[in-house]
Amino acid sequence: MTESIDAETVRGTLERVTYFNEENGYSVLKIDAGEDDLASAVGYTDKHVPGEELEMTGTWTLHPRYGRQFTFTSCKSLLPSTVEGIKRFLGSGRVKGIGPRLAERIVDSFGEETFDVLDALAAENETADKKEAKKAARLRKKFLAIQGISERILDSVKQTWAAEKNVRAVMYFLESSGVSPKFAVKIYGAYGDETIKAVSENPYRLADDMFGVGFLSADKVARGMGMEDDSPLRLDAGVKYVLGELVSEGHVYAPRDVLEGRASALLGAGSEAVSAAIDRAIERREFVLDIITGNDNDTQAVYLPAFYVSETKSARKLAAMLRAKELTDLSGGADSEMAISLARDSVRIRLAPEQEEAIALAVRSKCMIVTGGPGTGKTTIIRAIISAMRTLGQKIELAAPTGRAAKRMSEATGRPARTIHRLLEFSAEENGFARNADNPLSCDLLIVDEASMIDAVLFFHLLRALRDGTKLILVGDICQLPSVGPGNVLGDLIDSGAVPVARLNKIFRQAGKSGIVRNAHRVNNGFMLETDTKTVNDKLRDFYFVDQDDPEKCARIILSLVRDRIPSRFGFDPIKDVQVLTPMHKGSLGSSRLNEELARALNPGDKPSVRRGSRVFKVGDKIMQIRNDYDKDVFNGDIGVISRAEPDIGTITAIMDGREVTYESESFDDIVHAYAVSIHKSQGSEYPAVVMPIHTQHYVLLQRNLLYTGITRGKKLVVIVGTKKAAWIAIQNDKTKERYTYLAERLKEAMAV
């Protein structure tokens, strides 16, 4: 824990730069603030050198490891005002061509006016004033008379000083406009000497050009510069931001009235002004307007172009596949009965009628869906279809949306499976897929698992990479949470009625013995959980419910379960095998707080670490990759443990799936601590043991499919900690939040053509 007092301003001389991150400006400084000992100061700022006078605003804190330090939120360079300070500043190496000895001679010649002299020399070639030109020429002559100064060194000093002055001007401009030091460093890194011009012309371009700077941050800058509320620049950027926010919530399009209403509320502008901004975006082809037909009336649907293209072309491509005659006989002339016979032989078990029907559909259909909950035999169906089709000489590819899901698919089938991005040969440099309509996949059959996770854009790219005649089988659990990205592809395809669907409902006897499987299906069918925790024949159960109403006590119980009780009773490793899943990020039972508590409990001690802002990554910490990184070969949802931390160079190394992966500071935004993760982030993954808080504190997110998804992540053990009231609220709430999509209707229309 840290202790703090009210914000204050501290002035002092920079004595030493302990650490500086070139990417984001995070700095650890030693300051002479007039106290007996040098003070440590940490925060985001541009690059400083010893000798500078700094004015910082922030708070004094007591760090458990580093002791008392000043955490600043702003840091301004005042330049040294004393002769000794000027000598030290110039001799620090910041001004190219000047070392300590030369700095001493320069300051001996010009004293406290040294910086004024450098300003005049830097502007020598730009001034049109004759008096100033004469003064600069006189100073130039005097400067060249100093021992060790040549024309070459003088020109280098002039260029460097002009650049230094420009950096200070830019940083002052940005910070006076409300930009934090952290983002000021990033902005200057992007635009360089053109920063003031670029930001002054349109501060909202920051939201488009800079990762991590959204509309709200850009709007703050614009307001600081005096931008009017009704400026077209502001309105145009605002409607674009709101449509982007709706997309991030899972919508493929926005009804125009919804977009106008949310944008008006955000911008404090009238509907006419917002409507005009939407029209301008449509005219510039930044938005696409389409009229879609509903049950009661028509709706003006506003799309971002990529999502309009994805939805319309996916419907056309899929309709063409479904309407096509047998371009390629993938059964090799065999009928459904032959395929079923081959499948029976391959899996060596008696197939249920609904499983046989699924295999028959796989033979007859160009595209089909297999959906069912845990224990209903989805994996058996995949293995059976693969074996039958291989016997018939067909080339098969397997894929899944995430790395962890692909790995599980491979383990279950004994055949290689790849992420969809890998299958389609995504290129980060080209920001696109090498596999497409011009360079399609060469397989006869593509089977995709965890299809509920596929979003609208990825589905479009998948379809366009299929050659004519290739079959597509989508396998997924329709009752899980929809994709994190926009769309509800699996649900829309089923709702369309155009795609053949094999529904697996029967729970097989062995699976039915599992409390995890039984409770997952009880939740899915709207029944309360079985919460009897008594052992049967002295055997441990695989599902438990710990009833506790107090959130703080819930957190302590979770800590005890993960650290002590589960490892001692079940033999699971608390870090590698036990995963805490939670509905929310915030609150006492959110992932942020639980990660802090679990990190202290599971990874104590003073170990090498690297700090990134308020986050500390320490050797032994459990982390999760949250974005696909094809260069590092790690993917969204991959979990690992930090094996090495090098604070001097700001890197950490983690063991991810048996491989060492090194993260530089600029990659830290791609990882989070993973002792506790959101249920949404767990999609496509399975863990030996899951501990999950379900509490009325999570009320706004308590939904049936969220609880169902969390339960089905556990392979051998699930423990829910919370209240039965909260669980019942979730079970009763089967009305998932509506997503604005039109894929089902477009597919129906395309099939009718």
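The values are calculated or read from the model by the stated rules, or taken from the named source; none is laboratory data. Keep in mind that what you see is a predicted model, and the values were worked out from it rather than measured. Here the Cβ is made from the backbone with ideal geometry for all residues, glycine too, and neighbour counts use every protein chain on show. Keep in mind that these areas ignore ligands, DNA and RNA; they rest on the heavy atoms of the full protein, side chains included. Shrake-Rupley method; radii C 1.70, N 1.55, O 1.52, S 1.80 Å.
Structure values in brief
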| read-out | value |
| --- | --- |
| Length added when fully stretched, residue 568-residue 436, from 0.36 nm per residue minus Cα-Cα | 42.3 nm |
| Above-threshold pairs, the threshold being 20 Å between Cα atoms, out of 87/158; 30/618; 186/607; 378/513; 378/471 | 30/618; 186/607 |
| Top positive-direction residue, dipole computed over the chain with Cβ charges, set 594, 121, 352 | 352 |
| Rounded to whole Hz, the Karplus (6.51, -1.76, 1.60) HN-Hα couplings of segment 696-706, x for glycine and proline | 5, 4, 8, 3, 5, 10, 6, 9, 4, 5, 5 |
| Amide H partners (placed H, <5 Å) of residue 63, local residues excluded | 68, 69 |
| Pairwise label distance in nanometres, residue 298 with residue 633, each label 7 Å out on the Cα-Cβ vector | 5.4 |
| Computed lengthening from residue 422 to residue 138, 0.36 nm per intervening residue step minus Cα-Cα distance | 95.6 nm |
| Student exercise, segment 95-250 dipole from Lys, Arg, Asp, Glu Cβ charges, in Debye to nearest 20 | 920 |
| Segment 129-174-segment 360-416 distance, computed between alpha-carbon centres (Å) | 71 |
| Surface accessible to a 1.4 Å probe, per residue, for the residues of the chain, Å² | 46 |
| Protection proxy ranking, peptides 146-154, 638-646, average beta carbon neighbours within 10 Å, highest first | 638-646, 146-154 |
| Selection from 479, 391, 324 lying farthest towards where the dipole of the chain points positive, charges on Cβ | 391 |
| Folded to 0 to 90 degrees: helix 130-144 orientation relative to the chain principal axis, Cα | 90 |
| Accessible surface of segment 186-335, 1.4 Å probe, proportion on carbon and sulfur as whole % | 49 |
| Segment 686-753: trypsin sites (Lys or Arg not before Pro) falling in loop per DSSP and having at most 14 other Cβ within 10 Å | 735, 737 |
| Residue 316 paired with residue 660, simple spin-label distance in nm, labels 7 Å along Cα-to-beta-carbon | 5.1 |
| Share of carbon and sulfur in the accessible heavy-atom surface of segment 701-750 [1.4 Å probe, %] | 46 |
| Segment 408-463: GluC sites (Glu not before Pro) in DSSP loop, at most 10 other beta carbons within 10 Å | 429, 430 |
| Gap separating the Cα centres of segment 431-491 and segment 599-665, nearest whole Å | 31 |
| Residues of segment 698-736 with amide N under 12 Å of the 7 Å Cα→Cβ point at residue 549 | 723-726 |
| Interchain or long-range residues, amide H under 5 Å from residue 74's placed H | 57 |
| Rounded to 5, the percent of DSSP beta bridges in segment 33-180 classed as antiparallel | 75 |
| Check: the chain dipole with +1 on Lys, Arg Cβ and -1 on Asp, Glu Cβ, in debye | 2280 |
| On Cα atoms only, tilt of 151-176 relative to the major axis of the chain in degrees | 60 |
| Estimated [θ] at 222 nm from DSSP helical runs (n ≥ 4, -39500 (n - 2.57)) normalised by residues in the chain, nearest 500 | -12000 deg cm²/dmol |
| In degrees, nearest ten, helix 256-267 long axis to first principal axis of the chain (Cα) | 30 |
| Residue 615-residue 539 pseudo-label distance in nm [points 7 Å out on the Cα-to-Cβ vector] | 4.2 |
| Reported label for calculated Cα extents along the principal axes in Å given (i) 92, 62, 59; (ii) 80, 69, 53; (iii) 100, 63, 51 | (iii) |
| Whole-percent carbon and sulfur share, accessible surface of segment 577-664, 1.4 Å | 49 |
| Antiparallel DSSP beta bridges within the chain, percent to nearest 5 | 60 |
| Cross-link table 76/197; 622/737; 96/197, entries beyond 30 Å C-alpha to C-alpha | 622/737 |
| Translational diffusion of segment 170-314, µm² s⁻¹ [Kirkwood Rh, Cα pairs; Stokes-Einstein; 25 °C; 0.890 mPa s] | 151 |
| Per-pair calculated FRET efficiency, R0 = 25 Å: residue 163 and residue 84 via Cβ, rounded to 0.05 | 0.50 |
| Förster radius 22 Å - calculated FRET efficiency between residue 737 and residue 291, Cβ distance, rounded to 0.05 | 0.35 |
